[in-house]
Amino acid sequence: MSPDGPVADANASRNTRRERGRRARWAPARAALAALLQDHLVPGARVAVVGAGNGDDLPLGAIAARASSVTLLDIDPDAALRARGRVRRGLRRRVRTLRHDVTGGAADHVVRGAVAAGGDPVGPPAPGGAPGSAAPLPGGPYDLVIGDLLYSQLLYPALLDAGVPADRRRAAIGGHGAALTAAVVARLHASAPVVVHLQDLACWGNGYEQPVDLEDVLEAAETDLPAALALAARTKGPRESDPRRAVEALGIPVLATALWRWPFVEGVDYLVVATVAGEPAGA
């Protein structure tokens, strides 16, 4: 492991091997997020994106055009810089990057504990707390924060790259995934009145078998959101890293929900559940 830590190493490794054609394939996912933000990103807002990575899933140009400033926070600073570099020059001055570990080192601690021979396979408990007691993100205050598909990536990639056996990976994620996610959710809500949480809830393809079809979930979402969420709840996926569960447990109001397809690679699709939560305008 490098001095940067196992979580930073794992994220940087994945960000640097992004395949050709990905931005074009992910265009519908960017459009879906842009549509959702129309009602929640007010002109002139100060926006933070946590887990921005390369930004291929983000309508970053549209966000920068509407916002007064956009801060990209990521544990991999090179990826965030690449994302900023793709914003057209006239808007790029509104976008800045910050290297930041939103878990405050807790994720690295869990991974190192799982790696250590004979050590505690799940490490120490992750920091938690309600939004009012959580440390806000650097660079704030913000008007809107986007948690960009980072929740399932807090532990699993680093555990996998470190060669942690499957049973110890499950123990680490099962023991601390939910608490770590709740701590991150609390930090995001301590930083802005409204937060958009994006979660890759379930996967289809690449050997993953699901009890429901993705098409059925998306079709239901067009006319009956509760039915779509009920179908989505039947899927198999990383429930320990579900920010919507953390939002509900913290008693934060859900303002809006949207579901869309994320065509990750050829033949592999994810279901994205977007949860907009926080204080209603004028509250």
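The values are calculated or read from the model by the stated rules, or taken from the named source; none is laboratory data. All figures in this text were calculated on a predicted structure; none of them were measured in a lab. Glycine also receives a Cβ, built like all others from the backbone with ideal geometry; neighbour counts cover every protein chain displayed. The protein model used for the area step is the full one, side chains on, heavy atoms only, and it has no ligands, DNA or RNA in it. Shrake-Rupley method; radii C 1.70, N 1.55, O 1.52, S 1.80 Å.
Brief remarks follow.
- Local electrostatic count, Q38, Cβ distance below 14 Å [Lys/Arg +1, Asp/Glu -1]: +1
- Sum of side-chain charges, I75 neighbourhood, beta-carbon under 9 Å (Lys, Arg +1; Asp, Glu -1): -3
- In the context of the full set of protein chains, the chain has a per residue accessible area of 44 Å² (1.4 Å probe).
- Each peptide in 215-224, 9-18 gets a packing score, the mean of other Cβ atoms within 10 Å over its residues, and the list from highest to lowest is 9-18, 215-224.
- To put it simply, the accessible area of the range 188-283 at a 1.4 Å probe is 51 percent carbon and sulfur.
- Shape category assigned to the chain from the gyration tensor of Cα positions, a/c cut at 1.5: rounded
- Cα centre as origin, Lys/Arg/Asp/Glu Cβ charges: the chain dipole, Debye: 1200 debye
- Full extension of the chain between L81 and E266 gives 64.0 nm of extra length, using 0.36 nm per residue less the Cα-Cα distance.
- Charge-dipole axis of the chain as Lys and Arg at +1 and Asp and Glu at -1 on Cβ define it, positive-most pick from L229, P263, P141: P141
- Residue-averaged [θ]222 nm for the chain, counting only DSSP H segments that reach four residues, each worth -39500 (n - 2.57): -11500 deg cm²/dmol
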